[in-house]
Structure formats: C-alpha cells, structure tokens
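Input: a single structure, listed below in structure tokens.
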Amino acid sequence: MAKLTFDLPDLGEGLIGATVLEWLVSIGDYVERGAPLVEVETTKSAVELPSPQSGTVVEFHVDEEHDLLVGEPLVTFDVPDDSAGIVGTVPAEAPPKRRVRLSLPDD
Amino acid sequence: MFYAVTPSGETIAHRREPGRDPVLLVHGFGSDADATWGATGWLRALADAGRGAIVVDLRGHGASSKPHDPAMYRTGVLAADLVAVLDAEGVGVQAAGVGGAAVGTVGVDVIGYSMGSQVARALARDAPGRIRRLVLGGIGENEQLRAWGVEAIEHVLIDGVDASDETATAILRAAAERPRADRQALAACAVGVASDELPTDPLPMPTLIVVGDADPVAAGADALALALGAGLEVVPKRNHQTTLSSRGFKSAVLDFLTR
C-alpha cells in the first residue's frame, strides 16, 4: 500500500481558502472516486467536494470548523501500490493547453 | 441546457439529469441550477438514490430570459415557467387511458430552496396537481425579500450600498457578483416576488420544510409548518448558505421522498 495526499483544490472565483463544515467519510472508510468526501464553506457558498481518489481514508489534515488554504493538504488515502504514482493531485477542470504551431505558415 | 418558451416569449433554461422519477429542483434568489444543486452535491445525492432531476434556471437568473419589469416576476409567472418546463420535459402531463380518456395527472416531487421554495408554493397554489410531494427549504414565516424591503434590496444590487441586515447584504452581494448576473433583472425579480403574499392554508400534498437552526431567513419556520400542515426538519448549526449543502438536509429529503 502507498499513501497519497490531496490538497484543497482551487474552488474558482478567486477564492483562496475554505472552512471544513463536515467530513462525509470516516477514517478507515474505503471511498470510491467521485463519492461525497467533504463539505466546505467559502465566503461565497457551501459546496460538497467529491473524492478525487478511490482508496482508504487514513488522515484528515484539517478538523471540522477549521480553515485551510487552497494548496494545503486536505486528506490522505491508502491506495494499492500499483495505482499510486499515477495521480498525486486533485484532478482539475483545466482548460485545454494552447496548441503550438511547429512550422511557419506558408504565407 | 434546453429552453422552454413561455406564452409571452421568454426562454427558460432547463436540463434533465438521468435517473428514474425525476425531481424538480428550484433554486433561490440570485443563484442558478448548477450553483444550488450541482456544487452542493444534491444531483449526486439524488443520483445515488437512483432518482433523476429536472433543474431549471428561474427567469432573471442563469441562462434564462432576464426581463427588467417587476410584473414579469410575480409568483404566478414564475410558477407558470415551471409548468412550461414540466410540459417541455413531458413530465406529469395528463396520461391518456383507454379510448383516450385522461386518467389523471401524475405529479412530480419538487424541492425548492429559499426564494425557490416560494416559487414552489406558488406552483402548489396554481397547479397543485403537478406536485406529488413538496420540499420547502430555507424559508420561514416571513418572505425574505419582503422582509428585507425592496428599497434596501435595490440599494445593495444597483447602488452597492450595504443593507442593515448582514445576511441580506451577503446574499444580495453574492447574487450581484455572479458571472451572468443582471442586476436590473435581479432587482425586478425581488420586487415582483415580494409583491405577492402566498397562501398559508394547509397544502393538499405531503410537504416537508427543512431549515438550519442558525438561519435568520428561516425564522418562524415552525409556525409556517403548522399553517401549511407540513413536517419540519431542523438542521443543527447551519445558516442559510450551509443548510443547502448539508448532509442533514439531503438525508431528511431522501427519506421523505421514499415514504
């Protein structure tokens, strides 16, 4: 088994942090990727974050009713060795990378 | 999103989420379908229970038409928009029996939050047969927009001046700063909705009110529940914003919808 730690993802709208309202799983739970993980409150709204990973929850890095900043550790999972190393960050809805032209246009 | 067209030509954005027996979800003032029901985990919670959903952007919000005339936001108009969406989705229409005789209307389960609950009450008033079970979240004895006062609302939305009520200022500010917000349309919506007093008689369909115990908007929810003949679920330690995403709200509703 290997340990994988995920940080608080960028919640958009220029938000720099959030308050943990409620953990929706317990230490020792096996959680499927995409299942409800934690409910957090920002200055604009309250949102439920899905689990970024299938695995066993081994550590919460922040208690309920405490704050953390985007990029700070949120949760650690125990995952089988063969799936560790594939991902190490919370998947983000990233815009497609700009295409680069490899040759000069003809005109 | 798909667009239902109202008799007066406005377009109302709506979308169907897969699953059986879809629940109609009605967001609150200044929000939209995705912010209220997507980011908060409601669509996931319903899907996990096997239930589909119909989400809608109310007029003045999200991807729907945004007229600037308060008369276009009376509760009856907003309720008629929901009927147009249900018709467009082919949900709850009269089922034809043998020989084409109508055998009755099949109502849908409806969940509203905040102003969306007031719109859902207007739907219960105007088209009760379209609703099977009704959930009213985040409301109390006094309609929030009328309680805050139309002038104070316009001050926050149009002039950027804080209202004396902190909750009002926070909710209205957030509404005005949303990406697709049209402040004139939001002000017109507030005036239109606030101008109608909704009935406080017992409702014919099973109804559940859910509020946070730290939500000033929901003050007097127990009296409202008593008047409407509704059940009441109080979520501990939650305010107007955080009640919406709470597990307590979701589990109470999923339980109510399977009764």
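A few remarks follow.
- According to the calculation over all Cα-Cα pairs in region A:2-82, the P(r) per 5 Å bin from zero is 3, 16, 29, 26, 16, 6, 3, 0 %.
- Kirkwood Rh, Cα atoms: Rg over Rh of the protein assembly as shown: 1.01
- Label-point gap, in nm, between B:ASP48 and B:ALA223 - each point 7 angstrom along Cα→Cβ: 3.7 nm
- When only the Cβ of Lys, Arg, Asp and Glu is charged (+1, +1, -1, -1), the dipole of chain B relative to its Cα centre reaches about 840 debye.
- As a ratio to 2.2 N^0.38 Å, the alpha-carbon radius of gyration for region B:2-254 is 0.96.
- The ranking of B:HIS27, A:HIS66, B:HIS68 from fewest to most other beta carbons within 10 Å of each one's beta carbon is A:HIS66, B:HIS68, B:HIS27.
- Think of the protein assembly as shown as having a plus end and a minus end, set by charges on the Cβ of Lys, Arg, Asp and Glu; of B:SER195, B:TYR3, B:THR242, B:TYR3 sits farthest toward the positive end of this dipole.
- Rounded to 10°, Cα long-axis angle of helix B:247-257 versus longest principal axis of chain B: 30 degrees
- Along each principal axis, taking the top coordinate minus the bottom one, the Cα set of region B:1-84 gives 40, 22, 20 Å in descending order.
- Dividing the alpha-carbon radius of gyration of region B:29-170 by the rule-of-thumb value 2.2 N^0.38 Å gives 1.19.
- Derived scalar couplings ³J(HN,Hα) [region A:59-73; Karplus, 6.51 cos²θ - 1.76 cosθ + 1.60; whole Hz; x for Gly, Pro]: 7, 9, 8, 8, 7, 4, 6, 10, 9, 8, 9, 3, x, 8, x
- Long-range amide H partners of B:ILE54 with built H, under 5 Å: B:GLU17, B:VAL23, B:LEU24, B:LEU25
- In this Cβ point-charge picture (+1 for Lys and Arg, -1 for Asp and Glu), region A:2-82 has a dipole of about 160 debye about its Cα centre.
- Order of B:MET115, A:MET1, B:MET72 - criterion: other Cβ atoms within 10 Å of each residue's Cβ, fewest first: A:MET1, B:MET72, B:MET115
- The calculated 222 nm mean residue ellipticity attributable to helices in the protein assembly as shown amounts to -7500 deg cm²/dmol, summing -39500 (n - 2.57) over DSSP H runs of n ≥ 4 and dividing by all residues.
- Other residues with beta-carbon under 12 Å from the beta-carbon of A:GLY71 carry, at +1 per Lys or Arg and -1 per Asp or Glu, a net charge of -3.
- Taken as Cα centroids, region A:16-60 and region B:36-80 sit 26 Å apart, rounded to the nearest whole angstrom.
- Look at the alpha carbon pairs under 8 Å that are at least 6 residues apart: their mean separation over the length of region B:147-259 gives a relative contact order of 19 percent.
- Taking region A:49-73 and a reference point 7 angstrom along Cα→Cβ of A:ILE16, the backbone N atoms nearer than 15 Å belong to A:67-72.
- Each Lys and Arg adds +1 at its Cβ and each Asp and Glu adds -1 at its Cβ; summed about the Cα centre, the protein assembly as shown shows a dipole of about 1200 debye.
- Contact order, relative form, for chain B: 19 percent (alpha carbon pairs under 8 Å, 6 or more residues apart, mean separation divided by residue count).
- Long-range amide H partners of A:HIS61 with built H, under 5 Å: A:VAL75, A:THR76
- Selection among A:PRO50, B:PRO70, B:THR167 by position relative to the dipole of the protein assembly as shown gives B:PRO70 as farthest towards the positive end (Cβ unit charges, Cα centre).
Taken together, the values in this text are just the output of simple stated rules run on the coordinates, not laboratory data. Keep in mind that what you see is a predicted model, and the values were worked out from it rather than measured. Neighbour counts are summed over all protein chains in view; Cβ atoms, including those assigned to glycine, are modelled from backbone coordinates with ideal geometry.
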